[in-house]
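Enquirer: Got a structure for you, written out below as structure tokens; questions coming shortly.
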Amino acid sequence: MIEVTEAGGPEFLEVRMTAPITESDYTDVLTPAIDRAIEQAENIRLLVILDGGPGDFTAGAMWQDSRMGFKHWRGFDRCAIATDDSTMKRLISMFGVLMPCPVALFGLSEADDARRWLRESLGSIQIDAVDDSTVCVRLMGKLDSEIYEGKSEDLDNLLAGKSPFGLVIDLREFDGWQGLGALRDHFALASAHVGQLTRAAIVGDAGWQKMASKVGTHAFGVNAKHFGADDFDKAVTWVQTGA
């Protein structure tokens, strides 16, 4: 059985699944509810309370579940799943990273925590002018697509009169992106201003950040360099002076 309720507007849906879960539960209840919600809100945040495991889904229900996921691939903004079933947790952990939105796992007793997670900001982007020709973009926490809304305009306003400019990307408190949608929006924000860049410094200790500086140099023709987390001031000086 599947029950769907709105939780404070069409953009927040709660789905409770209890055994047995059949194909008709999807075709008659869940899919129409999600279609209506996306039509009204465009992107929705979904809480699934799953009281059961893979054996509680009929074959038809599993097929409908996969079809629904592909059909609404771009319609989910954030998804929280509450379950105590260990097999479901493993499956969700494996496939959740492929979703274009953040996916988080909770236990059945943590449904209220899941609701709070759906509503809270996962991270932040801070954009500041260091001087007349240098900008610092600081990424903090774990970022989802919503964080990037309006940031391109903020950067445009800050860069008015600063062409060309140097960029410091501060990743010392950055925990990564939540879903492919956020990563896409990050590249959209960055690529819009590549033509104005003189130098870009990436500051942080994660291994992939050093590689990112090399990718920036080769892919965008930007003079990019990596600095460790303790060398923020050196990074700023290099961007400003090249030394």
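Enquirer: Which cross-chain or sequence-distant (5 or more) residues have an amide H under 5 Å from the amide H of Val168, H modelled 1.01 Å from N in plane?
Expert: Sorted by chain and number, the residues that satisfy this are Val135, Cys136, Val137, Ala201.
Enquirer: Please compute the length gained on full extension between Glu120 and Ala160, using 0.36 nm multiplied by the number of residues separating them and subtracting their Cα-Cα distance. Mind showing how you got there, number by number?
Expert: Values: separation 40, 0.36 × 40 = 14.40 nm, distance 3.17 nm.
Full-extension gain reported as 11.2 nm.
Enquirer: Another question, then. Measuring from label point to label point, each 7 Å out along Cα→Cβ, what is the Leu108 to Ile127 span in nm?
Expert: Computed distance between label sites Leu108 and Ile127 equals 4.6 nm.
Enquirer: Follow-up question, since we're still on this one. Report, ordered by chain and residue number, the aspartates and glutamates lying within cross-link reach of Lys210, taken as a straight Cα distance under 15 Å and ignoring same-chain residues fewer than 8 apart.
Expert: Asp170, Asp230, Asp231
Enquirer: At 0.36 nm per residue, minus the direct Cα-Cα distance, what do Ser86 and Ala188 gain on full extension? Give it in nm, one decimal, please. Walk me through the numbers before you get to the answer.
Expert: Details: separation 102, 0.36 × 102 = 36.72 nm, distance 3.74 nm.
Additional length available on full extension: 33.0 nm.
Enquirer: Points 7 angstrom from Cα along the Cβ direction at Trp208 and Ala7: gap in nanometres?
Expert: Rounded to a tenth, the inter-label distance reads 2.8 nm.
Enquirer: While we're here: Summing +1 for each Lys or Arg and -1 for each Asp or Glu, what net charge is found among the other residues whose Cβ lies under 11 Å from the Cβ of Glu110? Could the numbers behind the result be given before it?
Expert: Details: positive: Arg115, Arg116; negative: Asp84, Asp112, Asp113.
After counting each charged neighbour, the total is -1.
Enquirer: Round to a whole angstrom and tell me the spacing of the C-alpha centers of segment 1-47 and segment 123-138.
Expert: Distance between centres, Cα-based: 40 Å.
FYI, it's all coordinate maths here, none of it is from the lab. Treat the numbers as computed from the prediction; the structure is a model and nothing was measured. Positions of Cβ are backbone-derived with ideal geometry, glycine not excepted, and every protein chain shown enters the neighbour counts.
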